[in-house]
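Scroll down for the structure; my scribbles are underneath it.
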Amino acid sequence: MTRKGGAQRIVVAGGAGYIGSHVCVELLQGGKSLLVIDDFSNSSPEALKRVREISGADIELLRADLADPAQEGAVIERVAKFRPDGAVHLAGLKAVGESVAEPMRYYRVNLGATLTLVKALDAAGARLVVFSSSATVYGERNANPVPETGALGPTNPYGRTKLFIEEMLRDLQRADERWKICNLRYFNPVGAHASGRLGEDPAGVPNNLFPYIAQVAVGRRATLAVFGNDYPTRDGTGVRDFIHVEDLARGHGAALDHLAGEKKGLALDVNLGTGRGYSVLEAVAAFKRASNRDIPYEIAPRREGDVAEIFADASLARALFGWRAEKSLDDMCADHWRWQRDNPDGYGRLKPQS
Ligand code: UD1
């Protein structure tokens, strides 16, 4: 499936993060050479050390904040020296609640990082970007499964940065048709590397379901609050398309190879999901089975901005890239649990008090 040649030298912006670190392993195992750019604002150098261990390959690293104008010159210089064929862009802030409180910071960091990365790639003559977008770009009124042509309409500033970056990249491609762009719209990435060495290490109180469940299972938190059990779903709790982070990472390799194999520039929007939804309570039950731990929960009010149900139409990724998600909900829970159990404090960096 993987095409040889083409995009072999890849800049991975945000490569030390949860998804980025899994993408790095996948690309290194596909024989690619990487330059990671990360400021470690919400990630750890330890993750990259472990990426090197797992893959047995080296990675070049530029520690830089892509959104800081003072560092732009250094970024452009280093990227040019690396002679990339393209980039995977995962650099940005991603906490929904924080984005509501500090919208200008989200626009500055997420959009600013994109501008600098594009400028550096253009200067290096590498006009190929796979962007880490999100299903959060979809509006609330789409019927499931949601195809890429679904109505757009994020409900918070974080989601809008994802949509605006997609639009920026589409405009860039319209203005200079040499660019090859793929906006990957992730559904709900969960799980961890099967080795138990890489996983999600949220700072403070987790915002997302799986890290929260995992911290309850390991005894770091007492009770999971289930946000609403009166949705029009099979058990009343929210339904999401959870996708194993290793499947997601494979999707990036497939997207890069697909873009590299295209003769002309293009801009694509592609869902990465499994195509099926599980409810919050189904996820809790599966995690309980995988961990053999009790996961006490209580029903709490709905969380503002949540939709009842969303899952992907995942057929485009399959048609274009020959990619499909392979891992089950049980795999996601088993791998997430192994990571949490073996690394109860994540990568062990100093975190804000939780
Ligand atoms: C959230 C973000 C989305 C982001 C994505 C990244 C919101 C509204 N959306 O998606 O923008 O791209 O994370 O992965 O924050 N839940 C609980 N208790 C918890 C946490 C979550 O019951 O402690 C429920 C939620 O109500 C939801 C489901 O679990 O029904 C999944 O929540 P979460 O993991 O936060 O993902 P999303 O809300 O789908």
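Computed values, structure above
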{"item": "Within the stretch 287-303: backbone nitrogen closer than 11 Å to the THR223 label point (7 Å, Cα to C-beta)", "result": "296-300"}
{"item": "Segment ILE299-ARG324, length gained on full extension (0.36 nm per residue, minus Cα span)", "result": "5.6 nm"}
{"item": "On Cα atoms only, tilt of 72-82 relative to the major axis of the chain in degrees", "result": "80 degrees"}
{"item": "Extension reserve of the GLU77-LEU266 stretch, reckoned as 0.36 nm per residue once the Cα distance is removed", "result": "65.4 nm"}
{"item": "Hydrodynamic radius (Kirkwood) for the chain, which is based on Cα pairs only, to one decimal in Å", "result": "20.4 Å"}
{"item": "Helix-only [θ]222 nm of the chain, DSSP H runs n ≥ 4, -39500 (n - 2.57) each, per residue, nearest 500", "result": "-11500 deg cm²/dmol"}
{"item": "Cβ-placed point charges (K, R +1; D, E -1), dipole of the chain about Cα centre in debye, nearest 20", "result": "580 debye"}
{"item": "0 to 90° range, to nearest 10: angle between helix 280-291 axis and the chain longest Cα axis", "result": "90 degrees"}
{"item": "Cα centroid of the stretch 145-202 to Cα centroid of the stretch 271-340, whole Å", "result": "18 Å"}
{"item": "Peptides 50-61, 11-22 ordered by average Cβ neighbours within 10 Å, highest first", "result": "11-22, 50-61"}
{"item": "Rounded, prolate or oblate (a/c below 1.5 giving rounded, otherwise prolate when a/b exceeds b/c) for the stretch 87-165 by Cα gyration tensor", "result": "oblate"}
{"item": "Cα-centre dipole for the stretch 1-145 with unit charges at Cβ (Lys and Arg positive, Asp and Glu negative), debye to 20", "result": "460 debye"}
{"item": "Acute angle (nearest 10 degrees) that the helix 245-261 long axis makes with the longest principal axis of the chain, alpha-carbon atoms", "result": "20 degrees"}
{"item": "Förster radius 41 Å - calculated FRET efficiency between ASP171 and GLN8, Cβ distance, rounded to 0.05", "result": "0.90"}
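Where a number appears in this text, it was derived from the coordinates with a stated rule and is not lab data. The model shown is predicted, which means the values in this text are computed figures rather than measured ones. Positions of Cβ are backbone-derived with ideal geometry, glycine not excepted, and every protein chain shown enters the neighbour counts.
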